[in-house]
Amino acid sequence: MTHHHQFDAVIVGAGGAGLMAALQAARLTNVAVISKMYPTRSHTGTAQGGIAAPLGNMEEDHWEWYMYDTVKGGDYLVDQDAAEILARESVEAIYELEHMGLPFDRTEEGRIEQRRFGGHTRDYGKGPVMRSCKSADRTGHMILQTLYQNCIKHNVRFFNEFFVADVLVHDGVARGVVAVEIATGELHLFHAKAVLLASGGFGRMFAVTSNAHSLTGEPVAALYRRGLPLEDMEFFQFHPTGIYKMGILLSEAARGEGGVLLNGRGERFLENYAPTLMDLAPRDMLSRFIYQEVAAGRGVDGKDYVYLDIRPETINRYGSAPGGRTVTAAELEEKLPDIIEMMRVYMGVEPMREPVPIQPTAHYAMGGIPTDNDGRVLAGPAHTVSGLFAAGECACVSVHGANRLGTNSLVDLVVFGRRGGKALGEFCRRADYAPLPPQAEAEAQGALAELRASRGRERVGTLRSELQRVMMDKVGVFRKAAGMREALSTVRALKERYTQIGLDDRGGTFNTDLLEAFELGALLDLAEVTAASALQRTESRGAQYRDDFPERDDTHWLKHTLAYCSEGASVRPTRGEVRFEAKPVVVTRFEPKPRTY
Amino acid sequence: MAKVTLKIKRYDPEREPASWWSEHALEAEPTERVLDLLNRVKWEQDGTLSFRRSCGHGICGSDSMRIDGANRLACKTLVSELGSAITIEPLLGMRVQKDLIVDLEPFFAAYRTVKPYFISNAPPPPDGRERLQTPAQRLRFDDTTKCILCACCTASCPSFWASSEYIGPASIVQAHRFIFDSRDEGAGERLQVAGETMGVWRCHTAFNCTLACPRGINITQAIGEVKRALATGRVE
């Protein structure tokens, strides 16, 4: 049986963006939040280092400097009107979080304490600036907790442990979503005036990733399958400091507090690559520099990793270098308790006495569902879908361009979650319910029933690990045409094999076998779009580096990619090719320049 | 690589009314997480095995379970810490829904009773900026801000096993986080809840909660501080 619900606004996802949007929209209209997990499990909670805002609590700072850093960090593919909103509104968003009770770290004067972070500079690149507001190294945890707490305070309605199987968009108008209650396997049809997607990233398409197992992007794939475009999917950030082999993130805050990267010879190799910002250069560059050291035979023991060193004596040795500082072990334990514990637990390393093996880890999708500055989803370069909104990592505003700066994911969540939530609430006050098509849930129901009954010989786990391996090897930090073509044909072969999978679990109760199979379908589609988008962009910019096109090419490529499925309108994985369109980049204050640090 | 045997307590109401045990032999690296082993069982041997998991590194709190008799996060427990025979069960004292998945609704309902959100009637500063709080005031409740609501503590508590109406250590940790926040004005309302029959006095300082907490929160101490505030009428 299908359960029917009607809410003015339905929000999909209960991380930072979804909860912020829910708090805003709930002031104006009735809201339901659908989440694949309990909200406190959302991946926002794992963000460590901080959230930027030019508060100027520690030293002089200005939103214009922050905007510049964001634009330059994104290798000029950032839409500058959006970056200006991000930089300006970050200040009021941080104060709003504090007023909601968020326990930020404090200065002696009682103000919010700030620290340095990668790519954030004073005076348009002259040196690092203290801009990142934080709660030790669990800033995302405190943001997620605070937002969820406020949702409880304001009686926001949650549907926890529901996954979205289809987003109902017909004739350019959003009408609701179809979701599965994981505990029972029963279908729920949500009729809504408007839908806001805030489902987070989809980094599980890569073998080594900081992303949670749950980050598989079903709602993003659902829109793509319904014929809507995805923007800039070629830009996927690899964070330079993942725990070797496991990919668990070790925050940039480790370097903000003075930690350095060392090659196998114990050299601070970034002196040769980024003489001004060194270890606080942006992530895309650091990930490349690490692999360049490895390729030159200067990895540790000739292997594919280098060291992150936060030993106080190492930090203090560089204390008088530009951006250097002096620390004690006790201060580090206080400022970085979680990541120090992760080094101990997962690596068995004592970071106060020895350096930690790290390698780049797939971390963040700059691309996603294209939106305007109020979260309205775009159906093409210039028009929107009525009643459909998106915010957070699943969306592409684009404030991150070709490479996101550290802390800017959290800023994006609160600034654009807030704007999207307000626009969603206002839309619902004006709009009526668009009728649901007859048997709106039938297609999702059919696809899920087929999947649940499938008895083929392919296993979900096998297909997923083959996908993750080829994406990591061929569509990772270094790319070239032949490798990406190989990745594309592998992904398409995997999609074919996906039609031959077999499930073990045919039940209704917590059928996570079915859920993982459904998630794999989404990952396959999104990986295909990622690889195809990367292949068509014949330049290097931000997180996309191509050996065969090593330069940025503003003449031809200062534009966003919009990727569409050539045969659309299904709930199942796509079968057609990927088709492309361009969308201009908004340039207001900062003309593109060469990017050095 | 070492040989390990995973013995998992299973339950599926659609298959049979009673629980049973499944056993799985695996080759495991000492650095693998118990979660990695569970995933391998699910992906390679038995797709029906069900458990919650998400972040995989001890922050989201999804994969709390009983591992060799202790409540732990599967993603924060390495094979090297355990013997070659590993026993895995769902959390105790909570209704099992399937395999290692327990019903968390009562847990979150208890959490909500302590009003786990910032309460202040004072308007924010007129300049729109942050409320002021000294580092010492901030430090006062730092420990309890670490809670990830994984339920390891509550499901390890003998008083909770004896009466599932007890709000449990996790709820008290959450109350503590606000009661001792210098900016918050809701201490009175929360202490009232904490002082009721199903509140803090059910705690008999068994310390199980503190031992179980994967975030290293000194829960017994936090509960003690809430008790003291109730007894003295002062929050300090």
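The values are calculated or read from the model by the stated rules, or taken from the named source; none is laboratory data. Keep in mind that what you see is a predicted model, and the values were worked out from it rather than measured. Virtual Cβ from ideal backbone geometry, glycine too; neighbours counted across all protein chains shown. These accessible areas exclude ligands, DNA and RNA; they are computed on the full protein's heavy atoms, side chains included. Shrake-Rupley method; radii C 1.70, N 1.55, O 1.52, S 1.80 Å.
Name the strands (runs of 3 or more DSSP E) wholly inside the stretch B:1-110 in which the number of residues that are within 14 Å of the chain's Cα centre (by Cα) and at pLDDT 95 or above is 2 or more. Before the answer, list the steps.
On the way: elements: B:2-12, B:16-28, B:64-67, B:70-73, B:85-89, B:96-98.
The strands (runs of 3 or more DSSP E) meeting that bar are B:64-67, B:70-73.
One residue alone among B:P17, B:P13 is without any contact (Cβ under 8 Å) to a residue 40 or more places away in the chain and either out of contact with any Phe, Trp or Tyr (no Cβ under 6 Å at 6 or more places or on another chain) or β-branched (V, I, T) (or both), and that residue is B:P17.
Does the stretch B:118-135 contain any residue that is among the hydroxyl-bearing types (S, T, Y) and in contact (Cβ under 8 Å) with a residue 60 or more places away in the chain?
Taking the stretch B:118-135 and keeping what is among the hydroxyl-bearing types (S, T, Y), we get B:120, B:134.
If we keep only those that are in contact (Cβ under 8 Å) with a residue 60 or more places away in the chain too, we end up with B:120.
Yes, the stretch B:118-135 has at least one match.
The helices (runs of 4 or more DSSP H) falling completely within the stretch A:456-538 that include 2 or more residues that are over 20 Å from A:P573 (Cα atoms) and out of contact with any helix residue (DSSP H, G or I) (no Cβ under 6 Å at 6 or more places or on another chain) map to A:460-474, A:481-498.
Here the stretch A:110-138 is the region considered, the condition is being buried (at least 20 other Cβ atoms within 10 Å of the Cβ) and on the phi > 0 side of the Ramachandran plot, and the residue that is nearest to the other protein chains (Cβ to nearest Cβ) is A:A136.
For the stretch A:214-246, the tally of residues that are under 15 Å from the mean Cα position of the chain (by Cα), open to solvent by less than 10 Å² (accessible area, probe 1.4 Å) and within 14 Å of another protein chain (Cβ to nearest Cβ) stands at 2. For the stretch A:316-341, which residues satisfy the criterion of being open to solvent by less than 60 Å² (accessible area, probe 1.4 Å) and closer than 24 Å to A:R288 by Cα? The answer is A:Y318, A:A321, A:G323, A:G324, A:I339. So how many residues does the stretch B:64-84 have that are free of Cβ contacts under 8 Å to residues at least 40 places away in the same chain and within 10 Å of chain A (Cβ to nearest Cβ)? Result for the stretch B:64-84: 1. Considering every residue within the stretch B:161-169, establish whether at least one is part of a loop (DSSP other than H, G, I, E, B) and open to solvent by 60 Å² or more (accessible area, probe 1.4 Å). Taking every residue of the stretch B:161-169 in turn, at least one turns out to be part of a loop (DSSP other than H, G, I, E, B) and open to solvent by 60 Å² or more (accessible area, probe 1.4 Å).
Which fully enclosed helices (runs of 4 or more DSSP H) of the stretch B:179-234 have 1 or more residues being among the basic types (K, R) and more than 14 Å from chain A (Cβ to nearest Cβ)? Lay out the reasoning, then the answer.
On the way: elements: B:187-194, B:208-212, B:219-232.
Per the criteria, B:219-232.
Of the residues B:T31, B:T113, the single one that is closer than 30 Å to B:D184 by Cβ and open to solvent by 30 Å² or more (accessible area, probe 1.4 Å) is B:T113. Of the residues making up the stretch B:112-136, those that are at the interface with chain A (Cβ under 8 Å from one of its Cβ atoms) and part of a helix (DSSP H, G or I) are B:R112, B:P135. Would you check which residues across the stretch A:131-151 are closer than 12 Å to A:V33 by Cα and not aromatic (F, W, Y) and list them? Answer for the stretch A:131-151, where residues must be closer than 12 Å to A:V33 by Cα and not aromatic (F, W, Y): just A:C151. Restricting the stretch A:30-59 to residues that are touching a strand residue (DSSP E or B) at 6+ places or on another chain (Cβ under 7 Å) and among the charged types (D, E, K, R) leaves a set whose member that is surrounded by the fewest Cβ atoms within 10 Å (Cβ to Cβ) is A:E59.
Pick from the stretch A:429-462 the residues that are in contact (Cβ under 8 Å) with a residue 40 or more places away in the chain, within 31 Å of the chain's Cα centre (by Cα) and open to solvent by 40 Å² or more (accessible area, probe 1.4 Å): which of them is nearest to A:F7 (Cα to Cα)? Across the stretch A:429-462, the extreme among qualifying residues is A:R429. When the residues of the stretch A:503-516 are filtered to those that are more than 7 Å from chain B (Cβ to nearest Cβ) and closer than 16 Å to B:V41 by Cα, the one that is surrounded by the most Cβ atoms within 10 Å (Cβ to Cβ) is A:N511.
When A:A9, A:A21, A:A82 are screened for being touching a residue at least 40 places away in the same chain (Cβ under 8 Å), assigned to a strand (DSSP E or B) and more than 14 Å from chain B (Cβ to nearest Cβ), only A:A9 passes.
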